[in-house]
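For reference, the structure is listed below as C-alpha coordinates.
The values are calculated or read from the model by the stated rules, or taken from the named source; none is laboratory data. Not measured: the values here are computed from a predicted model. Methodologically, a virtual Cβ is constructed for each residue, glycine included, from the backbone with ideal geometry; neighbour enumeration extends over all protein chains shown. The area values use the complete protein model at the heavy-atom level, side chains included, leaving out ligands, DNA and RNA. Shrake-Rupley method; radii C 1.70, N 1.55, O 1.52, S 1.80 Å.
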Amino acid sequence: MGLQLLAAHLYYRALLTVPVLIRSWLLDCKDRQLSIAVTSYTSRHFSPILVKTELDRVKGPEGAELNDEHMTVKVASTANEVTASYSIDEHQIEMTLKIPSTGPSTR
(Lines give C-alpha, C1' and ligand atoms only; values in the text may rest on other atoms or scores of the structure.)
Protein backbone atom coordinates (compact mmCIF):
# COMPACT_ATOMS: atom_id res chain seq x y z
CA MET A 1 0.00 0.00 0.00
CA GLY A 2 2.84 2.40 0.82
CA LEU A 3 4.37 2.09 -2.65
CA GLN A 4 0.99 2.72 -4.32
CA LEU A 5 0.45 5.81 -2.18
CA LEU A 6 3.92 7.11 -3.03
CA ALA A 7 3.31 6.54 -6.76
CA ALA A 8 -0.06 8.32 -6.56
CA HIS A 9 1.52 11.26 -4.74
CA LEU A 10 4.34 11.52 -7.30
CA TYR A 11 1.78 11.44 -10.12
CA TYR A 12 -0.26 14.17 -8.40
CA ARG A 13 2.84 16.35 -7.98
CA ALA A 14 3.69 15.79 -11.66
CA LEU A 15 0.16 16.86 -12.63
CA LEU A 16 0.63 20.03 -10.58
CA THR A 17 4.12 20.95 -11.72
CA VAL A 18 4.54 19.59 -15.27
CA PRO A 19 1.06 18.91 -16.65
CA VAL A 20 2.25 19.47 -20.22
CA LEU A 21 4.56 16.45 -19.92
CA ILE A 22 1.70 14.26 -18.72
CA ARG A 23 -0.52 15.48 -21.54
CA SER A 24 2.24 14.98 -24.11
CA TRP A 25 2.81 11.44 -22.89
CA LEU A 26 -0.92 10.70 -23.08
CA LEU A 27 -1.14 12.05 -26.62
CA ASP A 28 1.92 10.06 -27.73
CA CYS A 29 0.90 6.85 -25.96
CA LYS A 30 0.37 4.09 -28.55
CA ASP A 31 -1.42 1.78 -26.11
CA ARG A 32 -5.02 2.97 -26.31
CA GLN A 33 -6.15 0.92 -23.30
CA LEU A 34 -3.36 2.33 -21.14
CA SER A 35 -4.17 5.88 -22.24
CA ILE A 36 -7.87 5.38 -21.42
CA ALA A 37 -7.00 3.83 -18.04
CA VAL A 38 -4.66 6.70 -17.08
CA THR A 39 -7.20 9.32 -18.21
CA SER A 40 -9.97 7.59 -16.27
CA TYR A 41 -7.80 7.27 -13.15
CA THR A 42 -6.79 10.92 -13.39
CA SER A 43 -10.38 12.07 -13.91
CA ARG A 44 -11.67 10.07 -11.00
CA HIS A 45 -8.99 10.75 -8.40
CA PHE A 46 -7.11 13.93 -9.29
CA SER A 47 -9.11 16.17 -11.62
CA PRO A 48 -11.56 17.56 -9.04
CA ILE A 49 -8.63 18.58 -6.82
CA LEU A 50 -6.63 20.03 -9.73
CA VAL A 51 -9.59 22.02 -11.08
CA LYS A 52 -10.37 23.42 -7.63
CA THR A 53 -6.71 24.36 -7.11
CA GLU A 54 -6.55 26.23 -10.43
CA LEU A 55 -9.83 28.07 -9.85
CA ASP A 56 -8.77 29.01 -6.30
CA ARG A 57 -5.49 30.33 -7.69
CA VAL A 58 -7.38 32.63 -10.06
CA LYS A 59 -9.75 33.74 -7.27
CA GLY A 60 -6.92 34.34 -4.81
CA PRO A 61 -4.29 37.07 -4.54
CA GLU A 62 -2.49 35.90 -7.69
CA GLY A 63 -5.65 36.34 -9.74
CA ALA A 64 -6.50 39.67 -8.12
CA GLU A 65 -3.41 41.13 -9.79
CA LEU A 66 -5.14 40.63 -13.16
CA ASN A 67 -7.96 43.04 -12.31
CA ASP A 68 -7.53 46.71 -13.13
CA GLU A 69 -9.69 49.55 -14.47
CA HIS A 70 -9.96 47.92 -17.92
CA MET A 71 -9.85 44.21 -17.13
CA THR A 72 -11.85 42.01 -14.77
CA VAL A 73 -11.56 38.29 -14.17
CA LYS A 74 -14.44 36.28 -12.74
CA VAL A 75 -14.53 32.64 -11.68
CA ALA A 76 -17.61 30.43 -11.85
CA SER A 77 -16.53 27.48 -9.71
CA THR A 78 -19.73 25.50 -10.24
CA ALA A 79 -19.25 25.61 -14.03
CA ASN A 80 -15.42 25.35 -13.92
CA GLU A 81 -15.19 28.57 -15.93
CA VAL A 82 -12.97 31.64 -15.86
CA THR A 83 -14.18 34.73 -17.71
CA ALA A 84 -11.90 37.65 -18.52
CA SER A 85 -13.48 40.92 -19.66
CA TYR A 86 -11.53 43.80 -21.15
CA SER A 87 -13.09 47.20 -21.78
CA ILE A 88 -11.87 49.59 -24.47
CA ASP A 89 -13.81 52.85 -24.76
CA GLU A 90 -17.44 51.71 -25.01
CA HIS A 91 -16.67 48.15 -26.18
CA GLN A 92 -16.14 45.09 -24.08
CA ILE A 93 -14.22 41.99 -25.15
CA GLU A 94 -14.92 38.84 -23.20
CA MET A 95 -13.22 35.47 -23.18
CA THR A 96 -14.39 32.43 -21.25
CA LEU A 97 -12.22 29.42 -20.50
CA LYS A 98 -13.92 26.23 -19.42
CA ILE A 99 -11.83 23.63 -17.66
CA PRO A 100 -13.09 20.16 -18.62
CA SER A 101 -14.19 17.84 -15.83
CA THR A 102 -11.45 15.42 -16.90
CA GLY A 103 -8.95 18.00 -15.65
CA PRO A 104 -6.71 20.68 -16.97
CA SER A 105 -3.97 18.36 -18.14
CA THR A 106 -5.66 15.33 -19.66
CA ARG A 107 -7.48 16.77 -22.69
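One residue stands out in region 90-107 among those that are at pLDDT below 75 and of a type in the set (Val, Ile, Thr): the one that is farthest from Ser43 (Cα to Cα), namely Thr106.
If you filter region 26-51 down to residues that are free of Cβ contacts under 8 Å to residues at least 12 places away in the same chain, part of a helix (DSSP H, G or I) and among the hydrophobic types (A, V, I, L, M, F, W, C), you find that the one that is least open to solvent (accessible area, probe 1.4 Å) is Ala37.
Please count how many residues of region 10-23 are part of a helix (DSSP H, G or I) and within 13 Å of Leu50 (Cα to Cα).
The qualifying residues number 8.
The number of residues in region 73-99 that are without any contact (Cβ under 8 Å) to a residue 40 or more places away in the chain, open to solvent by less than 60 Å² (accessible area, probe 1.4 Å) and either touching a Leu at 6+ places or on another chain (Cβ under 9 Å) or not hydroxyl-bearing (Ser, Thr, Tyr) (or both) comes to 10.
Per this entry, Val18 is not counted among residues that are surrounded by 12 or more Cβ atoms within 10 Å (Cβ to Cβ), in contact with a Cys (Cβ under 8 Å, 6 or more places away or on another chain) and over 30 Å from Gln92 (Cβ atoms). Within the option set Arg13, Arg23, being free of Cβ contacts under 8 Å to residues at least 24 places away in the same chain and either open to solvent by 90 Å² or more (accessible area, probe 1.4 Å) or on the phi > 0 side of the Ramachandran plot (or both) holds for one residue only, Arg13.
Scanning region 53-80 for residues that are among the basic types (Lys, Arg), touching a strand residue (DSSP E or B) at 6+ places or on another chain (Cβ under 8 Å) and in a helix (DSSP H, G or I) yields a single hit, Lys59. In region 52-65, the residue that is modelled with the highest pLDDT out of those that are out of contact with any helix residue (DSSP H, G or I) (no Cβ under 8 Å at 6 or more places or on another chain) and open to solvent by less than 90 Å² (accessible area, probe 1.4 Å) is Asp56.
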